[in-house]
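Student: Could you have a look at this structure, given as structure tokens, before my questions?
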């Protein structure tokens, strides 16, 4: 059941990205170009998503199980450290270079875009490099850091 | 600041955004998890954790979305003017950056902001700021 709801959530997520214009890199770059001819549409995408999301997270509150009876896996980290800031900085630079973030990258892959394929392969390579660096860092430690 | 009204699409942006919000809501209410794409994909590299099923299902849904869309409607244009070398470099930075930063536009920008997580608010401000500066430099300083 959890796999079916995950598939459904991914599907709705992807349809939302396409409808919103978020899967169109030129539109994302037009949003990021605040000193040029600025297209503010994507601010409304974030606004709409957060408006609905806030209700859901308020409903979830401090439940220990989901409505399917699964354990809740919400992030517990509180520290604002160098990893968070520098990682987000690198992500933002990459996002500004191509106008593509991870969700839209997978939608572009599904749409059969050759640019999307190149981006996704490079992104997976980047994630793989992270894993290798993390594993070599955590040698001798009992547990790896958990990710959101 | 000059708003490009001819390309401003408030209604589809708002509706699409709400669709993304509904997906994130379903996922946390039913699966008890954050709909953060970089975390879901990045977790695929940790086979030993034994939670591959729902990750693969979520990614399959995302990849299948344009195919489902096409059954009912023509896909909108996805315009990419970035060259392959730059795309590869960008993809690499997005992959490494989102993993070190523990999230991307969905995990931090949508879910984290909805939960008012201080970490996510900082992350979102940093990647949005970096995105603005990068586009400014590429288009208005180094570009033509």
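Student: Please work out which residue is surrounded by the most Cβ atoms within 10 Å (Cβ to Cβ), limiting yourself to the stretch B:104-134 and to residues that are touching a helix residue (DSSP H, G or I) at 6+ places or on another chain (Cβ under 6 Å) and part of a loop (DSSP other than H, G, I, E, B).
Tutor: Within the stretch B:104-134, the match that is surrounded by the most Cβ atoms within 10 Å (Cβ to Cβ) is B:104.
Student: Also: Would you confirm, using the coordinates I've provided, whether residue B:57 is within 7 Å of chain A (Cβ to nearest Cβ), within 16 Å of residue A:7 (Cβ to Cβ) and in a helix (DSSP H, G or I)?
Tutor: Criteria met by residue B:57.
Student: Right, here's the next one. Looking at the stretch B:102-127, which of its residues are facing another protein chain (nearest Cβ under 7 Å) and within 20 Å of residue A:32 (Cα to Cα)?
Tutor: Those that are facing another protein chain (nearest Cβ under 7 Å) and within 20 Å of residue A:32 (Cα to Cα): B:103, B:104, B:105, B:106, B:107, B:109, B:110, B:113, B:122, B:123, B:126, B:127.
Student: How many residues does the stretch B:1-36 contain that are within 7 Å of chain A (Cβ to nearest Cβ), in a helix (DSSP H, G or I), within 20 Å of the chain's Cα centre (by Cα) and more than 19 Å from residue A:4 (Cβ to Cβ)?
Tutor: 10
Student: Let me ask you something else. Which one of the conditions (1) within 22 Å of residue B:125 (Cα to Cα); (2) free of Cβ contacts under 8 Å to residues at least 12 places away in the same chain does residue A:63 fail to meet, given that it meets all the rest?
Tutor: (1)
Student: On the basis of being over 25 Å from residue B:27 (Cα atoms), part of a helix (DSSP H, G or I), at the interface with chain B (Cβ under 7 Å from one of its Cβ atoms) and in contact with a strand residue (DSSP E or B) (Cβ under 9 Å, 6 or more places away or on another chain), does residue A:26 make the cut?
Tutor: No: the conditions fail for residue A:26.
Student: Kindly evaluate residue A:107 against the criterion of being farther than 13 Å from residue B:38 by Cβ and free of Cβ contacts under 8 Å to residues at least 12 places away in the same chain.
Tutor: No.
Student: For the stretch A:6-21, which residues satisfy the criterion of being farther than 18 Å from residue B:34 by Cβ and free of Cβ contacts under 8 Å to residues at least 60 places away in the same chain?
Tutor: A:15, A:19, A:20, A:21 - these are the residues of the stretch A:6-21 that are farther than 18 Å from residue B:34 by Cβ and free of Cβ contacts under 8 Å to residues at least 60 places away in the same chain.
None of the figures in this text is laboratory data; all of them are computed from the coordinates on show. It should be emphasised that the depicted structure is a prediction, and the values quoted were computed from it without experimental measurement. Methodologically, a virtual Cβ is constructed for each residue, glycine included, from the backbone with ideal geometry; neighbour enumeration extends over all protein chains shown.
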